[in-house]
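Colleague: Structure incoming, see below.
The values are calculated or read from the model by the stated rules, or taken from the named source; none is laboratory data. Predicted model, so just to flag it, every value in this text is computed and none were measured. Cβ atoms come from the backbone with ideal geometry, glycine included; neighbour counts cover every protein chain shown. Areas reflect the complete protein model, heavy atoms only, side chains present, ligands, DNA and RNA absent. Shrake-Rupley method; radii C 1.70, N 1.55, O 1.52, S 1.80 Å.
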Amino acid sequence: MKIIQLSDPHLAQPGQRVGGRDPEAGLARAIADINLRHADADLVVISGDLSDDGSPESYATLERLLAALLPPVRLTLGNHDDRPAFLARFPGLACDSGHVQSMTALGETRVILIDTLEEGEVGGRLCEKRLDWLEARLAEAAASDVALFLHHPPMPIGLPAPDACRLEPGSAEALARLCARHGRVRHLSAGHVHRPSAGQWQGLSVSTVRSTCQQTALLFENRFATADEAPGYGILLLDPEAVTMHFHQLPHPGS
Ligand SMILES: [Fe+2]
């Protein structure tokens, strides 16, 4: 099974640059690359910060670009997104509580996206409603392997600046408890940090992926900086014998 993870396209007003990059061109290049190399993907997920400014224009651009994507796609939100503006453009993508969450069946596997956007905060949160939704979905998927995607990493990745605004600890603990109880969450992957990383957290296989727009510098000190690195996306291979996340780099926009 092949699941492509795009993240953090940070779309903005037409022509506006973000972190020195053209976000629309970044996402368009990623989509063209997926269509060329991975038209056979079972699913594409985009793990939030779909927009940089939460504007209606940015979501209109997203809708237009996604129309070209060949595999099916599922979306969730990040801290830069605006839930009402997103849902005005993509009505019907909210679960009963109004959050942008979904569970998709791919054969015997279930792919779950959860919405960690907490309005007005850079860090993420899972309120009771979202945790209840996740608990119910995991109960439905009790006999299935699960791949879980969200914007804010619940785990630290050892970089002080991004770690300071990850999923807040209470939400991360609750998430870990639900995953442990289910017992078949085979991988969890996040966005938000605009960097590739992989490891283990609370017994789970975890990763983060590059942005399709601008990247975060690999700084092991408590400050944030962007990096002149190429954008990219993740390719999650989920098979009975192994879970593998490949980190694909797109051509550097400057090259
Ligand atoms: Fe982001």
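Colleague: What about D53, is it touching a Gly at 6+ places or on another chain (Cβ under 6 Å) and part of a loop (DSSP other than H, G, I, E, B)?
Modeller: So D53 does not fit the description; no.
Colleague: Another question about this same structure. Does P72 satisfy the criteria of being touching a strand residue (DSSP E or B) at 6+ places or on another chain (Cβ under 8 Å), open to solvent by 10 Å² or more (accessible area, probe 1.4 Å) and either within 13 Å of the ligand (Cβ to nearest atom) or modelled with pLDDT of 95 or more (or both)?
Modeller: yes
Colleague: Next question, about the same structure. Does the stretch 4-32 hold any residues that are open to solvent by less than 10 Å² (accessible area, probe 1.4 Å) and away from the ligand (no atom under 16 Å from the Cβ), and which are they?
Modeller: Passing the criteria: I4, I31.
Colleague: If D96 satisfies every condition in (1) under 16 Å from R177 (Cβ atoms); (2) part of a loop (DSSP other than H, G, I, E, B); (3) open to solvent by 10 Å² or more (accessible area, probe 1.4 Å) but one, which is the exception?
Modeller: Going through the list (1) under 16 Å from R177 (Cβ atoms); (2) part of a loop (DSSP other than H, G, I, E, B); (3) open to solvent by 10 Å² or more (accessible area, probe 1.4 Å), D96 breaks only (1).
Colleague: Looking at V243, V185, which one is of a type outside the set (G, A, S) and in contact with a Ser or Thr (Cβ under 6 Å, 6 or more places away or on another chain)?
Modeller: None of the others qualify; the one that does is V243.
Colleague: Something else now. Here is a list: G78, G120. Which entry is more than 16 Å from the chain's Cα centre (by Cα) and assigned to a loop (DSSP other than H, G, I, E, B)?
Modeller: G120
Colleague: Could you please find all residues in the stretch 1-40 being under 20 Å from V193 (Cα atoms), touching a residue at least 40 places away in the same chain (Cβ under 8 Å) and part of a loop (DSSP other than H, G, I, E, B)?
Modeller: Result: S7, D8, P9, H10, A12, G19, G20, D22.
Residue by residue, here is whether (1) out of contact with any Asp or Glu (no Cβ under 6 Å at 6 or more places or on another chain); (2) free of Cβ contacts under 8 Å to residues at least 40 places away in the same chain; (3) open to solvent by less than 30 Å² (accessible area, probe 1.4 Å); (4) more than 20 Å from H151 (Cα to Cα) holds:
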{"position": "L218", "(1), (2), (3), (4)": "yes, no, no, no"}
{"position": "T226", "(1), (2), (3), (4)": "yes, no, no, no"}
{"position": "E241", "(1), (2), (3), (4)": "yes, yes, no, yes"}
{"position": "T244", "(1), (2), (3), (4)": "yes, yes, no, no"}
{"position": "F247", "(1), (2), (3), (4)": "yes, no, no, no"}
{"position": "P253", "(1), (2), (3), (4)": "yes, no, no, yes"}
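Colleague: Output the qualifying pairs, or none if there are none: Cβ atoms under 6 angstrom, residues six or more apart or on different chains, first residue in the stretch 108-122 and within 19 Å of D132 (Cα to Cα), second residue of a type in the set (F, W, Y).
Modeller: L113/F149
Colleague: What do you reckon, is L175 outside any loop (DSSP other than H, G, I, E, B), in contact with a helix residue (DSSP H, G or I) (Cβ under 8 Å, 6 or more places away or on another chain) and not small (G, A, S)?
Modeller: Answer is yes for this residue.
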